[in-house]
Amino acid sequence: MADQYAHSGDHQRPTDIPVIRWEEPPEGPVLVLLDQTGLPAEEVELVCTDAPALVEAIRSLAVRGAP
């Protein structure tokens, strides 16, 4: 992963929300993603608890790589 932090519109300083992070709450491990469909107006996190949720995040372009 080249850059784990989302950047603001000016491309110079990272926001407080990482683009992707792994967490292990008592309920079980999750992948937390920055929902990129709302950027730059809002920063919303998606919590993926299983593979189908991650697949849907990719298909809906909530998380994406370079075109």
Residues of region 33-49 that turn out to be surrounded by 12 or more Cβ atoms within 10 Å (Cβ to Cβ) and in a loop (DSSP other than H, G, I, E, B), as a count | 4
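Restricting attention to region 54-67, report how many residues are without any contact (Cβ under 8 Å) to a residue 24 or more places away in the chain and surrounded by 15 or more Cβ atoms within 10 Å (Cβ to Cβ).
Going residue by residue through region 54-67, those that are without any contact (Cβ under 8 Å) to a residue 24 or more places away in the chain are 54-56, 58-60, 65-67.
Retained after the next criterion (residues that are surrounded by 15 or more Cβ atoms within 10 Å (Cβ to Cβ)): 54.
Summing the residues that are without any contact (Cβ under 8 Å) to a residue 24 or more places away in the chain and surrounded by 15 or more Cβ atoms within 10 Å (Cβ to Cβ) in region 54-67 gives 1.
Values in this text are rule-based calculations from the coordinates and carry no lab data. Note that the structure is a prediction, hence the values are computed from the model and not measured. Counting neighbours? That spans all protein chains shown, and the Cβs are built from the backbone with ideal geometry, glycine included.
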